[in-house]
Amino acid sequence: MTKFLSAERAIRAAAPFDLLETVRRALVEEYGALSVDLLMADYSLTLLQPVTELPHTAEPVPVHASAAGRAFASQDAHTRTVRGEGSVDLFLPVTVRGDRLGILAVRVPEKRCTPQEVDELTDLAEILGHEIVVADRDTDVYLQARRASRLTLAAEMQWQLLPGRSYTRTEYAIGAQLEPAYAIHGDNFDWAATGDTLTLTVTNGMGEGIEASLLTNLAVNALRNARRAGIGIADQAALADQALYAQHRGERYVSTLLLSFDLATGRVRAVDAGSPQLWRRRGRTVEQIPFEAQLPLGMFEETDYVEQEFDVLPGDRLLFVSDGVYSALSSTGEAYGERRLARAVQAASLLPASAVPRAILQELAGHMNADAEDDALVVCLDWFGRESRSV
């Protein structure tokens, strides 16, 4: 344990841009590591990008059909014996509260690969993840490493606006993904949790490129400003509506779905202000949850919004999708539609919430016209519920 504490102190004291080199030194000294590499998940979640000196020249590792990718997908440590060298490769998830950042790849002598040391190295990879999240405030090293290609400016703005791509706690697990990952413009998701509630929003700003991104940025920040004032989701929608209308006078608007979950009861309050849809998988049944449609944010001055309610049960899976999913056209002009979406949800039933959006979007890619440019957003929420506590 002394060596674990020594390595932990070194990681926590490292300069933001020097985390990887600090981890290397600590693991070589304390655990006899032969090599240490950090692989960051790219924006599309299809590649693991090595963190190297700029410009990044190391070959990326595919998430599918690789040992590192298996560890990333399963979120469990994966080991691989190096033939003829007497060493073992460890692939350790770098994850923060369910948000999958990448993989720490460590090669150690086989005699050092004990269960205790694997557990300690797994914990150090998680600590590294927390330090990377903090370091991103002060350095671009890890954000740059995630890029398999250049982001558009609109996509840069959108990714910086997001809370993460997955989040896990006792009552629920969330996973989300946007496509095209390197050229997204108007779609967005956001969430915020307290001890008793989860607020989740899905937004779709009209237009393309920078204009759509600027519009969505205004909407998301207006919703956050209202939420942080401690008011309900109907008033959050109303205040964001006013902010958008004041700026654009009804010429531009944002479709939004807002939900507030009571973690103790599973009661959900919802405001449907536009095109994002909510689907539920309960048991073997997949169905859309219908709401009374209300006006998108910013379309008219001083719109009043009304909350609707429904319940979620332990075992429910909720899917939030933008119109870029269910309205996506094939090369022959055929819409993806509800039937295909329901089949895709069923096909992903055994996957964790963090992996579901990527799986559905990959299935969608096989249907879509290759020249389609509309955003596609999928958010998956698995509801576990809260166990009743005896007083």
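The values are calculated or read from the model by the stated rules, or taken from the named source; none is laboratory data. Given the structure is predicted, the values throughout are model-derived calculations rather than measurements. Note that each Cβ is placed from the backbone with ideal geometry, even for glycine, and that neighbours are counted across all protein chains shown.
What the table below lists for this structure:
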item	result
Tally, over region 327-346, of residues that are surrounded by fewer than 18 Cβ atoms within 10 Å (Cβ to Cβ) and in a loop (DSSP other than H, G, I, E, B)	6
Matching residues, region 25-55, being surrounded by fewer than 17 Cβ atoms within 10 Å (Cβ to Cβ), within 16 Å of Glu120 (Cβ to Cβ) and not small (Gly, Ala, Ser)	Val28, Glu29
Within region 100-125, considering residues that are more than 31 Å from the chain's Cα centre (by Cα) and in a strand (DSSP E or B), the one nearest to Asp37 (Cα to Cα)	Val108
Residue tally, condition more than 15 Å from Pro357 (Cα to Cα) and among the β-branched types (Val, Ile, Thr), over region 169-193	2
Close pairs from region 351-375: first at pLDDT 90 or above and buried (at least 20 other Cβ atoms within 10 Å of the Cβ), partner in a loop (DSSP other than H, G, I, E, B) and basic (Lys, Arg), Cβ under 8 Å, at least 6 apart	Ser354/Arg165
Condition met for Arg280 (surrounded by fewer than 21 Cβ atoms within 10 Å (Cβ to Cβ) and part of a helix (DSSP H, G or I))	no
Close pairs (8 angstrom Cβ cut-off, 6 or more residues apart or separate chains): at positive phi in region 195-211, assigned to a loop (DSSP other than H, G, I, E, B) anywhere	Gly207/His185; Gly207/Gly186; Gly207/Arg252; Gly209/Thr152; Gly209/His185
All positions within region 240-266 that are outside any strand (DSSP E or B) and either among the basic types (Lys, Arg) or within 23 Å of Asp375 (Cα to Cα) (or both)	Ala240, Asp241, Leu244, His248, Arg249, Gly250, Glu251, Arg252, Tyr253
Some residue of region 130-141 being modelled with pLDDT under 95, of a type in the set (Val, Ile, Thr) and assigned to a loop (DSSP other than H, G, I, E, B)	no
Every residue from region 209-239 that is over 21 Å from the mean Cα position of the chain (by Cα), closer than 24 Å to Asp196 by Cβ and of a type in the set (D, E, K, R)	Arg228, Asp235
Subset of region 202-217 (residues that are surrounded by fewer than 21 Cβ atoms within 10 Å (Cβ to Cβ) and either part of a helix (DSSP H, G or I) or touching a His at 6+ places or on another chain (Cβ under 6 Å) (or both))	Glu208, Gly209, Ile210, Glu211, Leu214, Asn217
Residue within region 3-18 that is closer than 27 Å to Gln177 by Cα and either free of Cβ contacts under 8 Å to residues at least 40 places away in the same chain or touching a strand residue (DSSP E or B) at 6+ places or on another chain (Cβ under 8 Å) (or both) present	no
Flag if Val94 is under 26 Å from Ala173 (Cβ atoms), crowded, with 19+ Cβ neighbours inside 10 Å, without any contact (Cβ under 8 Å) to a residue 24 or more places away in the chain and touching a strand residue (DSSP E or B) at 6+ places or on another chain (Cβ under 9 Å)	no
Test: residue in region 81-98 that is farther than 20 Å from Cys113 by Cα, in a loop (DSSP other than H, G, I, E, B), charged (D, E, K, R) and modelled with pLDDT of 95 or more	yes
Evaluation of Ala41 against (1) over 24 Å from Lys111 (Cβ atoms); (2) more than 25 Å from the chain's Cα centre (by Cα) (one fails), failing number	(2)
Matching residues in region 9-24 - criterion: being in contact with a helix residue (DSSP H, G or I) (Cβ under 6 Å, 6 or more places away or on another chain) and either of a type in the set (D, E, K, R) or surrounded by fewer than 15 Cβ atoms within 10 Å (Cβ to Cβ) (or both)	Phe17
Residues that are surrounded by fewer than 19 Cβ atoms within 10 Å (Cβ to Cβ) and touching a Leu at 6+ places or on another chain (Cβ under 7 Å), drawn from region 119-128	Thr122
Selection from region 271-310 of residues that are at pLDDT 95 or above, touching a Ser or Thr at 6+ places or on another chain (Cβ under 8 Å) and not polar (S, T, N, Q)	Val271, Ala273, Arg281, Leu295, Pro296, Leu297
Condition met for Leu239 (within 30 Å of Phe384 (Cα to Cα), out of contact with any Ser or Thr (no Cβ under 6 Å at 6 or more places or on another chain) and either hydrophobic (A, V, I, L, M, F, W, C) or modelled with pLDDT of 95 or more (or both))	no
Tabulated pairs, region 310-326, first part of a helix (DSSP H, G or I), second surrounded by fewer than 23 Cβ atoms within 10 Å (Cβ to Cβ) and among the small types (Gly, Ala, Ser), C-beta under 7 angstrom, 6+ apart or interchain	Asp323/Ser275; Tyr326/Gly337
